[in-house]
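Please read the structure below before turning to the comments.
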Amino acid sequence: MSSGPSDGTNPSAESPSPDFETVFGAIDIPALILDADGDVVVWNEPLEALLDVDRAAAEAVDEIGTMIYEDRELILAEKVCRHPETADEFYDIGVADSDYALLQADDHPTYEDTSTATGGSGADLWFLATPLYVDDEFVGAIEFVQQRADSERRRREMEELIDELREALAAFQAGDYTARAEYAVAESILEDEEVELLDQVNDLAKMREVLRETEQTKRQLERRNEQLERQNERLEQFASVVSHDLRSPLTVARGRVELAQEDGEPEHLEDALNAMSRMEALIDNLLTLARGDDTVAEVEGVDLADAAADAWDVVSTPGATLEVAATGTVEADPSRHVQLLQNLFLNAAEHGGSDVTVTVGDLPDGFFVADDGPGIPPERHDEVFDAGYSTGRDGHGLGLQIVEAIAESHGWSVALSDSADGGARFEIAGVDRPDGSGAALD
């Protein structure tokens with residue numbers, strides 16, 4: 001047995017594929033394969049007949065060459081195992097020209113040498129050997145042996161077969177399992193059964209293609225499962241909102257109606273109507289998310305002041321105040337625009353306290369909604385548009401997500417900053433106006 005490579009190459013723990021033993025054990029060309037440690041993997045029958053050395057005998061010695069040649073201790077493949085890329089620098093051997101680049105890409109050397117066997121016929125021999133790699137890891141060496149008295153035709157045919165194998169296996173190693181070895185001269189070198197074995201190498205490539213397609217299908221199923229998991233999370237979120245947050249305004253409405261029945265005070269009915277308005281707004285939000293609707297109906301000119309007044313009806317906080325400084329008109333889907341404002345107003349009322357003041361004003365390319373509440377910490381500005389974000393006692397955590405969805409469906413942007421009074425300020429930009437001013441975002 002030979003030691004592993006000593007020129008810096010890391011031998012792989014893998015041996016050459018067992019398919020090599022099947023294929024090269026069947027061909028009519030004397031051939032052998034050693035693994036990275038110099039142990040015999042393939043020692044075919046034509047080689048046994050040529051050298052008069054069987055596999056068991058070759059495996060029993062540390063240096064195979066001592067059994068075969070008078071003038072050396074190592075066979076060519078053993079030399080390649082010790083110095084895969086630099087064997088010609090350590091031993092008196094040559095590097096074959098590119099026509100003999102066995103089984104590997106052109107950047108790996110193929111070595112050649114000649115000698116005379118002591119056993120068998122004592123024939124003069126010519127042999128080629130090259131290192132084998134799998135995924136750039138050295139795994140062994142392959143050697144072909146020929147009697148130099150063989151016809152030139154036989155040599156050319158072997159070269160053609162080697163080229164076919166080299167190109168196909170190099171493609172396989174590079175991940176191209178569509179490559180096939182055609183074996184144009186195989187019938188003149190191999191028996192019918194052996195040609196069939198070589199065809200099985202192509203079948204292995206086809207199997208790898210099927211496995212790759214199966215892996216692609218698996219990845220598609222995994223992506224689909226991820227989508228279903230996200231949908232389930234969304235459904236769980238809806239269930240939480242329906243079970244908790246819809247119950248809150250419903251309880252308020254029921255209590256106020258009962259009080260009105262008892263003492264006849266009309267303000268109780270007004271509170272009940274406000275609670276129902278909040279519930280209606282929440283239902284609209286749920287429907288928007290459930291449909292995944294990112295489109296808008298036909299847009300038209302919408303007066304900001306009128307839309308703000310309509311949207312304010314959902315705010316049930318008695319001490320809250322709306323100030324409308326906006327005088328412009330925007331191009332928008334009227335109902336979706338009111339829904340956007342409703343959610344911004346409810347957010348201000350829930351976070352700004354009972355006496356919050358909410359201001360709606362113009363921007364050069366849009367409008368803003370600001371409040372004088374406690375504001376939102378800067379480190380949480382990136383979270384506010386996430387599903388479920390809410391710090392208010394009665395907040396359902398969907399409102400600002402809806403705001404962002406409606407803005408994006410119009411081609412607008414929405415950004416959060418601090419208001420002049422220390423509260424929250426939401427700026428909606430990229431808004432078209434009927435007079436042509438403003439511009440939707442690209």
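Based on what the data block shows, is ALA370 touching a Ser or Thr at 6+ places or on another chain (Cβ under 7 Å), assigned by TED's automatic domain parsing to the domain that holds THR321, at pLDDT below 90 and surrounded by 18 or more Cβ atoms within 10 Å (Cβ to Cβ)? Answer is no for this residue. For LEU398, the criteria (1) modelled with pLDDT under 85; (2) under 14 Å from GLU427 (Cβ atoms) hold in every case but one, which is (2). Among the residues making up the range 98-142, a single one is touching a Leu at 6+ places or on another chain (Cβ under 7 Å), modelled with pLDDT of 85 or more and in a loop (DSSP other than H, G, I, E, B): THR110. For the range 74-99, the set of residues classified as within 17 Å of SER115 (Cβ to Cβ), surrounded by 16 or more Cβ atoms within 10 Å (Cβ to Cβ) and among the charged types (D, E, K, R) consists of GLU78, LYS79, ASP88, listed by residue number.
Conditions (1) at pLDDT 85 or above; (2) not aliphatic (A, V, I, L, M), marked per residue:
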residue	(1), (2)
ASP7	no, yes
PRO11	no, yes
ILE27	no, no
LEU34	yes, no
ASP37	yes, yes
GLU59	yes, yes
GLU73	no, yes
PRO84	yes, yes
ALA87	yes, no
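The values are calculated or read from the model by the stated rules, or taken from the named source; none is laboratory data. Since the model is a prediction, treat every value here as computed from it, not as a measurement. Counting neighbours? That spans all protein chains shown, and the Cβs are built from the backbone with ideal geometry, glycine included.
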